[in-house]
Amino acid sequence: MVRSYPFFMFPIHYQFSIIHYPLKKEMKLNLKNPIVFFDLETTGTNINTDRIVEICYLKVYPNGNEEAKTLRINPEMHIPESSSAIHGIYDKDVADCPVFKQIAKDLAKTFEGCDIAGFNSNRFDVPLLVEEFLRAGIDIDLRKRKFVDVQNIYHKLERRTLSAAYKFYCGKDLENAHSALADTRATYEVLMAQLDHYPDDLQNDIQFLADYSRMTDNVDFAGRMIYNEKNEIVFNFGKYKGQKVADVLRNDPGYYGWMIQGDFARNTKQILTQIRLESVGK
């Protein structure tokens, strides 16, 4: 996935000293539903305008069976050289690949009824994937799904990157970092090792892991609206930050139009419209 972390963000002893915590072979995720680990390679980091060029998923079933697949996608736009330099995918590599709309229905079926996991997935991969589905006319409903962000668990307990997490927990070097396949498999192995390494802090339960790895209680995937401590939906940005969305839409009707016409995620606009319609009916 296209993202970078400044070297100075991490403590010096973490940068030079690595402790190995090999994964116990008998470790198995305690699953009630299938869970899909996935990673995206994209044209950039803007969830509203950038597109997917590669997606890899690893679907793990409650019985331990695994299903993995990697798909190259034509983003229907130029891949900036700065992004290609990270993931190694250039325009010529995806020129003959299907566009997202051509694979959207089958991909939605893969995710149907599954919980979802990734590395920085709550902030980036999930919102961008939902945008692609909406752009393709697929209204995928993920509201009842649990989201496990392995990076958030890692940052709460150790604060590192995926490559460092893989080395730290699994005792391995992450080869082909920033390829979707390598990142997806590494994320799955890191989560398993985290469960093994922190038995007093973590529970082998997807609901617990989803709650633990959540940084904010988002209403929309982009986090423009969140639940406050009273479980009320409030804005999480701008001049109305902290104010109830329904109240703002009633008191300042033009704010809805500004957001609908603005550079906000389709998912954000969709949920904003739902709240507006519900508030009008009250």
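Values quoted throughout were computed directly from the atomic coordinates according to the rules given, and no laboratory measurement underlies them. Note that the structure is predicted; figures quoted are calculated from it, not measured. Here the Cβ positions follow ideal geometry from the backbone for every residue, glycine too, while neighbour counts run over all protein chains shown.
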Q.
How charged is the neighbourhood of ASN176? Take every other residue with its Cβ under 11 Å from the Cβ of ASN176, and add Lys/Arg as +1 and Asp/Glu as -1.
A. -2
Q) Which value in deg cm²/dmol, rounded to the nearest 500, describes the helix-derived mean residue ellipticity at 222 nm for the chain, given -39,500 (n - 2.57) per DSSP H run of n ≥ 4 and division by the residue count? A) -11000 deg cm²/dmol
Q: Tell me the Kirkwood hydrodynamic radius of the chain in angstroms, computed as one over the mean inverse distance between distinct C-alpha pairs.
A: 20.0
Q: Return the loop-located GluC sites (Glu not before Pro) in segment 94-151 (DSSP other than H, G, I, E, B) with at most 16 other Cβ atoms within 10 Å of their own Cβ; answer none if there are none.
A: GLU112
Q) What pairs in LYS101/LYS230; LYS156/LYS241; LYS32/LYS92; LYS146/LYS172 have C-alpha atoms more than 30 Å from each other? A) LYS101/LYS230; LYS32/LYS92
Q) Angle, helix 180-197 long axis vs. longest principal axis of the chain, Cα atoms, 0 to 90°, nearest 10? A) 80
Q) Among LEU58, LEU181, LEU272, what is the fewest-to-most ranking by other Cβ atoms within 10 Å? A) LEU181, LEU58, LEU272
Q. If you put +1 on each Lys and Arg Cβ and -1 on each Asp and Glu Cβ, how big is the dipole of the chain around its Cα centre, in Debye rounded to 20?
A. 620
Q | Packing-based exposure ordering (other Cβ within 10 Å, fewest first) of HIS78, HIS155 | A | HIS78, HIS155
Q: Within segment 142-204, report the trypsin sites (Lys or Arg not before Pro) that DSSP leaves as loop and that have at most 10 other Cβ atoms within 10 Å.
A: ARG143, LYS144
